[in-house]
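I have placed the structure first, in the form of C-alpha cells, so that the comments after it can refer back to it.
The values are calculated or read from the model by the stated rules, or taken from the named source; none is laboratory data. Values in this document were obtained by computation on a predicted structure and should not be read as measured data. Here the Cβ positions follow ideal geometry from the backbone for every residue, glycine too, while neighbour counts run over all protein chains shown. Accessible surface areas use protein heavy atoms only, side chains included; no ligands, DNA or RNA. Shrake-Rupley method; radii C 1.70, N 1.55, O 1.52, S 1.80 Å.
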Amino acid sequence: MNKVKVAIIGCGGIATGKHLPSLSKIEQVEIIGFFDIFPASAHKAAEKFGAPGARVYDDYRELLADPTIDVVHICTPNDTHAEISIAALEAGKHVMCEKPMAKTAADGRRMVEAAKRTGKKLTIGYNNRFRADSQHLKRVIEDGDLGDIYFAKAHAVRRRGVPTWGVFLDEEKQGGGPLIDIGTHALDLTLWLMNNYEPKVVLGTAYHKLSRKENAANSWGPWDPEKFKVEDSAFAMIVMKNGATIMVEASWALNTLDTKEAKCTLCGTEGGADMQDGLRINGEKHSRLYVNHMQFEAKGADFYEGKKETMQDKEIRLWINAIINDTEPVVTPEQSCVVSEILEAIYESNRTGKAVYFD
C-alpha cells in the first residue's frame, strides 16, 4: 500500500496528545477520518491533524463503513473498547485500541476472537514497552543476564494524582480506578519483560480510604468525594503457574513518598533489575556484588545529545510497520487479554475476600 489511511474514534486528550501527533510524523500515513461524541472535538482534531479532504463523521458506524479507511485508532472510555473494536475488525479495519484492552476480561476475549476470525491486526496501547529503558531491559533478559525471574513487583504509585476530568472516576464506564488505569501499564510491562502469561492464583485488595476526603490536595485540584466511585488504591499478589510471584501496587492517592509509575522490579537467579533510579542492573560477579546504572543519553558532544524517539512515536511507528509489512504487532491481543484477566481477578478477590484461581 502507498499510504496507510487512518481514522480516529475519540478525539480527547489521549488522541490529541499521543496518537495523532505520532501518526502525523509518519510519511506513509494519512489521517482521513475523525469521530467524537462531541463534534467540536472531532472538528478541532481534523483541522490540526487531518490530511486534505479529511472527514468528520456523525456516527462511528458511518466511519467504519468507509472502505477507504485501513486502520482505526480507538481512544474512548473503557466500556466502549470492545464494542467499537469488534465492529471495526468486522468492517475490515486494523485496530489499535487504547489501554486497557476492555472493561471486562470477557470483552477482551471477544476482541481476541474477532481479530482471529477477521484476520485483521489488533493491538493495545501499552506504550511503556517502547521506552528506552524497557527496550534495553528486554534485551538484557533475553540474553539471560537475569536468569530465571521468579519474583517481581509492578509499580504504579502516585501520592496525589487523581484525574478529575472525563470519566476517570466513573466505575460504570471505566471498570475501576488506578488499578485499571495506571496499574495496567505496570502489569503489562512486568509480564512482557518476564515473558510469563500464565497466572495460577490472584489475591487482591482495593481501598476507598482517601477518596472520601473533602478539599484534598491533588495535582489536578480537589476531587468530588461524591463522584469518586472507584478505588483510590489497590494491591495484589499473583502467583504464576511456574511458581513466580508478582506483587502489584497501584494508587492515585496514597500517603507515601515512594512514588513510581509504569515501572517494575525484577529478581532472577542470575541478577536483578529495577527502574527506581533510572535502569539499574544488579548481580554478583567474581564473588562481588555489583550495580550497573544504564545510560541512555548519547553524551557524545557538547550541546548535542543525539537523536531521540519518544516511546509514543516508536509505538505508533512499529504498529504502522506491522501493518505495512504484515507482521505481528509488538503488543498482541492475547497478551493484553491476560492483563485484563488478572486485573479482573484482583477486583473479584477484593469483592469476595478470597483468592481467585485460574484454570
ask   = Under unit Cβ charges (Lys, Arg +1; Asp, Glu -1), what dipole magnitude, rounded to 20 debye, does the chain have relative to its Cα centre?
value = 340 debye
key: Order of exposure, largest accessible area first, which applies to His293, His19 with probe 1.4 Å   = His293, His19
query = Distance in nm between label sites at Lys3 and Glu47, each 7 Å beyond Cα in the beta-carbon direction?
reply = 2.2 nm
Estimated inter-spin distance, His286 and His136, nm [label 7 Å along Cα→Cβ] = 2.3 nm
task = Would you kindly state how much longer the chain becomes between Thr269 and Thr68 on full extension, computed as 0.36 nm times their sequence separation minus their alpha carbon distance, in nm to one decimal?
result = 67.2 nm
note = Here, Gln276 and Asn255, labelled 7 Å along Cα→Cβ, have an inter-label distance in nm of 2.3 nm
key: Rg [Å, one decimal], Dmax [Å, integer] - region 55-135, C-alpha atoms   = 13.1, 42
key: Gap separating the Cα centres of region 57-78 and region 30-44, nearest whole Å   = 10 Å
message = Quick check on region 112-189: take the gyration tensor over C-alpha atoms, sort the square-rooted eigenvalues as a ≥ b ≥ c, and tell me if it's rounded (a/c under 1.5), prolate or oblate.
response = oblate
message = About the Cα centre, and with charges only on the beta carbon of Lys, Arg (+1) and Asp, Glu (-1), how big is the dipole of region 206-281? Nearest 20 debye, please.
response = 160 debye
Computed magnitude of the charge dipole of region 215-359 (debye, nearest 20; Cβ of K, R +1, Cβ of D, E -1) = 340 debye
query = Accessible area of Thr259, 1.4 Å probe, to the nearest 10 Å²?
reply = 70 Å²
remark   = Taking a probe of 1.4 Å and leaving out DNA, RNA and ligands, the chain shows per residue an accessible area in Å² of 48 Å²
query = For Val167 and Asp359, what does the FRET efficiency come to when R0 = 30 Å and r is the distance between their Cβ atoms, rounded to the nearest 0.05?
reply = 0.40
message = Place a point 7 Å from the Cα of Ala106 along the Cα-to-Cβ direction; which residues of region 139-182 have their backbone N under 19 Å from it?
response = 171-176
message = Of Ser287, Val239, Thr310, which is farthest towards the positive pole of region 182-330's charge dipole, taken about the Cα centre with +1 and -1 on the beta-carbons of Lys, Arg and Asp, Glu respectively?
response = Ser287
remark   = Cα-based Rg and Dmax for region 216-359, in Å, come out at 20.4, 59
remark   = Taking the dipole of region 144-270 about the Cα centre (Lys, Arg +1; Asp, Glu -1; charges at Cβ), the one of Thr256, His185, Pro199 that reaches farthest to the positive side is Thr256
ask   = If you take every DSSP beta bridge whose two residues both sit in the chain, what share of them, in percent to the nearest 5, is antiparallel?
value = 60 percent
task = Just read off the accessible area of Glu142 with the full protein assembly in place, 1.4 Å probe, to the nearest 10 Å².
result = 130 Å²
key: Greater than 28 Å apart at Cα, pairs in Lys3/Lys260; Lys93/Lys153; Lys5/Lys153; Lys18/Lys103; Lys25/Lys138; Lys138/Lys285   = Lys3/Lys260; Lys93/Lys153; Lys5/Lys153
request  = Leaving ligands, DNA and RNA out of it, work out the accessible area of Trp165 with a 1.4 Å probe and give it in Å² to the nearest 10.
outcome  = 120 Å²
inquiry  = Along the charge dipole of the chain, pointing to its positive end and built from +1/-1 on Cβ of Lys, Arg, Asp and Glu, which listed residue (Ala42, Ala152, Ala105) has its Cα farthest out?
reply    = Ala152
query = To the nearest 0.05, what FRET efficiency results for Phe296 and Glu328 with a Förster distance of 35 Å applied to their C-beta separation?
reply = 0.85
query = How long is the gain from Asn195 to Trp220 if the chain were fully straight, where each residue apart is worth 0.36 nm and the alpha carbon distance is subtracted?
reply = 5.4 nm
task = Would you mind telling me the share, in percent, of accessible area of region 129-184 contributed by carbon and sulfur at probe 1.4 angstrom?
result = 46 percent
inquiry  = Using alpha carbons only, how many angstrom separate the centre of region 194-243 from the centre of region 100-139?
reply    = 21 Å
query = Here are several values of Cα extents along the principal axes in Å: [x] 82, 53, 52; [y] 65, 53, 46; [z] 65, 52, 33. Which one was derived from the coordinates shown?
reply = [y]
message = If I compute solvent accessible area with a 1.4 Å probe over the protein chains, what percent of it on region 201-359 is carbon and sulfur?
response = 48 percent
Total formal charge among the other residues, if their Cβ is under 9 angstrom from that of His94, Lys/Arg +1 and Asp/Glu -1 = +2
